[in-house]
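The values are calculated or read from the model by the stated rules, or taken from the named source; none is laboratory data. Only a predicted model underlies this, so the values are computations on that prediction, with no experimental measurement involved. All Cβ positions, even for glycine, are placed from backbone atoms using ideal geometry, and neighbour counts span all protein chains on display.
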Amino acid sequence: MSDSDDEYDDDGEFLGLVSAERRNTNTSMLQQIQKELSINIPDYVINLAVSLCTVISLGCLILFVVPFWLHYSQHVHHMGNSIVQYECPATFEKSASDELNPLTPYEWNNTLSKNSSAYHNNRYDGGDMTYDVKKESLRAFKAKYFGDDLKSGHSIYESACGNGFSLLMTSEILEEELGIHSLTLYGNDYASESIERTEQVLDSLASHGTKGARFCAGDSTNLTFVPSGSFDLVYTGSIHPTIDPLNLMDIAPKGMNNRKQMFKSLCKSDDWTAKKLVELDQRAQEEWYANWVSEMIRIVKAGKFVIVMDVSFPQCEDLNALGGVSKEWWAGAIDKYGWHVDPTSLIIEDYIHSGMIRYHVVMRKTSLYT
């Protein structure tokens, strides 16, 4: 080791000065020992001993500093993930699915946030399952796919977050099954009343460092106010269909039951016009899905998952539903809409919802686009 090597190190001047100081100290100690014992120790032995002592000293320093630095870096990384800066829009344009009263599905949940202690046994999202039953039905799927890339301190965004109970349920499952905690939660919903409920629910019920950060009233097909490549996971509990994209229903108010009745007739008809209307409606549903999912892919970080849950089949394949897309549609959509998704990452898994067969979709954003 040369004198120039002692003065500076790749890590900076400080380490070089420390090394030089230790070498001088060790040399003085050996010279004092040599003097007291009145023996001649060859210079090369002294140099070898000094070098060995210096290496040992630096090794101990590294063993202490490196673990501390790694822990500190991880902490800073998690803290950095917890802040995504953006402002909610003051207003937003009417959604293409506005024919469906956006408040209707969520009014059933209002009692949950007013009486939070009882939410475990109350109906979830207006369906026939309680919160706890719904949670058990989704536990395996969320633990497997939501937790695949997530770590404590990461961020989750839910498109159409409703009253916040889906995010709460997700955070509970991830902590119970995988020990993932201190998540930072974001989302949007078409109904401003739902945003208020979400904030109340997460403020009062989220635990172990998990917290709500920002929730905005907004259309899930138009999230331009949310920065690209921001979140560690983006998902939606379901994509609400566009109820009457062709303006076929004259009876007011337009809604779910009217659509079901109309399509029971159209889907069974052999008339050319009826078949064409079904075809055009399906195209509109696919465009609606594409716009929604495109925004989810845009705002997730590169290399992270986008998950679409509870997908319905096309209307004529399931007259009890409100319309959706086929399983085969997804692979083609990756190319058609230019999604930055790894085609080999596409996973489709069946799911039984209130006696009806639905499915979930999982896909990973590529690292080519943020």
> Ile334: β-branched (Val, Ile, Thr) and without any contact (Cβ under 8 Å) to a residue 40 or more places away in the chain, yes or no?
Replying inline: yes
>> Every residue in the range 224-249 that is among the hydrophobic types (A, V, I, L, M, F, W, C), closer than 28 Å to Phe313 by Cα and not in a loop (DSSP other than H, G, I, E, B), please.
In response: Leu233, Val234
> Condition test on Leu205, is it of a type in the set (A, V, I, L, M, F, W, C) and buried (at least 23 other Cβ atoms within 10 Å of the Cβ)?
Replying inline: no
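Got at least one residue in the range 297-316 being of a type outside the set (Lys, Arg), within 25 Å of Asp149 (Cβ to Cβ) and outside any strand (DSSP E or B)?
Yes.
Those residues that are among the hydrophobic types (A, V, I, L, M, F, W, C) and closer than 14 Å to Trp292 by Cα, I need them from the range 302-326; list them, please. Quick ask: steps written out before the conclusion?
Pass one, the range 302-326, residues among the hydrophobic types (A, V, I, L, M, F, W, C): 302, 305-309, 311, 313, 316, 319, 321-322, 325.
Val306, Ile307, Val308, Met309, Val311, Val325 - these are the residues of the range 302-326 that are among the hydrophobic types (A, V, I, L, M, F, W, C) and closer than 14 Å to Trp292 by Cα.
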>> Please go through the range 332-360 and give me each residue that is over 19 Å from Ala302 (Cα atoms) and either at pLDDT 95 or above or charged (D, E, K, R) (or both), ordered by number.
In response: Gly332, Lys336, Ile348, Glu349, Asp350, Arg358, Tyr359, His360
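Conditions (1) surrounded by 14 or more Cβ atoms within 10 Å (Cβ to Cβ); (2) under 28 Å from Ser137 (Cβ atoms); (3) among the charged types (D, E, K, R), marked per residue:
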| residue | (1), (2), (3) |
| --- | --- |
| Glu295 | yes, yes, yes |
| Arg298 | yes, no, yes |
| Val311 | yes, yes, no |
| Gln315 | yes, yes, no |
| Leu322 | yes, yes, no |
| Val325 | yes, yes, no |
| Ser345 | yes, yes, no |
| Ile348 | yes, yes, no |
| Ile352 | no, yes, no |
> Quick check: is even one residue across the range 329-340 assigned to a helix (DSSP H, G or I), farther than 25 Å from Tyr145 by Cβ and hydrophobic (A, V, I, L, M, F, W, C)?
Replying inline: no
> Mind checking which residues of the range 341-351 are closer than 16 Å to Met309 by Cβ and either touching a residue at least 24 places away in the same chain (Cβ under 8 Å) or of a type in the set (Asp, Glu) (or both)?
Replying inline: Ile347, Glu349, Asp350, Tyr351
